[in-house]
Amino acid sequence: MSEFLDLCKRRQSCRGFSDQAVEHDKLIQCVEAGRLTHSGCNAQPWSFVVVESKDMVSQIALCGQQLKQNVWLGTAKAFIIILEEHAVLSPIISCFLDSQYYAKNDLGAAAAYVCLEAASQGLGSCIIGLYDRKKICELLNIPIEKQFGSIIALGYPANDIVRPKKRKVFEDIVRFV
């Protein structure tokens, strides 16, 4: 099996982090992986906000603990927020397509690259779906109209257990023609 597939099997949503701080250089590597992600027409419709100061990490964690969910976010050591930027396509293409046509897929790919790079460095990650966007914008001085791609919690996993992946059977979801 390839090293990449092994990495894909190891990567999981981590919902509990150890007390160990995440090194700044490792966060840079995660963002670099996201930055290098492919994008439709090479529009690169993203920017990244790295939250690593203890105080701000704690405040962002609270923004993700809505409805008494995600209490484990209090153990996160960093967050990477991927913001959607206006995609600029070449004039030849833009007259046929909306410049944001590819953006959502591109942002998802960037989040996947960030998470896979984190896993390759021994970090755990989890993409957060429930959060107070308005409060996060306020805390980080992000314009309220700015769209979020993903918020990714990061840290060293609290344990080394790799849960077996529960996936549909390959033959049930693939058809070769």
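The values are calculated or read from the model by the stated rules, or taken from the named source; none is laboratory data. Keep in mind that what you see is a predicted model, and the values were worked out from it rather than measured. Cβ placement follows ideal geometry from the backbone for every residue including glycine, while neighbour counts extend to all protein chains displayed. What goes into the accessible areas is simple: the full protein's heavy atoms, side chains included, and nothing from ligands, DNA or RNA. Shrake-Rupley method; radii C 1.70, N 1.55, O 1.52, S 1.80 Å.
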> Which one of GLN29, GLN20 is of a type in the set (S, T, N, Q), part of a helix (DSSP H, G or I) and either at pLDDT below 95 or open to solvent by 50 Å² or more (accessible area, probe 1.4 Å) (or both)?
Replying inline: GLN29
> What number of residues within segment 36-57 are assigned to a loop (DSSP other than H, G, I, E, B), of a type in the set (S, T, N, Q), under 17 Å from ASP106 (Cβ atoms) and modelled with pLDDT of 95 or more?
Replying inline: 1
>> Against the condition loosely packed, with under 14 Cβ neighbours inside 10 Å and modelled with pLDDT under 95, how does ASN159 come out, does it pass?
In response: yes
>> Consider segment 20-57. How many of its residues are out of contact with any His (no Cβ under 8 Å at 6 or more places or on another chain) and either free of Cβ contacts under 8 Å to residues at least 24 places away in the same chain or under 18 Å from ALA87 (Cβ atoms) (or both)?
In response: 21
> Under 8 Å by Cβ, and 6 or more places apart or on different chains, what pairs join a residue from segment 144-158 that is more than 18 Å from GLN121 (Cβ to Cβ) with one that is open to solvent by 50 Å² or more (accessible area, probe 1.4 Å) and not in a strand (DSSP E or B)?
Replying inline: ILE144/LYS134; PHE148/ARG133; GLY149/LYS104; ILE151/TYR131
>> When you check ILE144 against the structure, is it in a loop (DSSP other than H, G, I, E, B), more than 21 Å from ALA109 (Cβ to Cβ), of a type in the set (Val, Ile, Thr) and in contact with a helix residue (DSSP H, G or I) (Cβ under 6 Å, 6 or more places away or on another chain), yes or no?
In response: yes
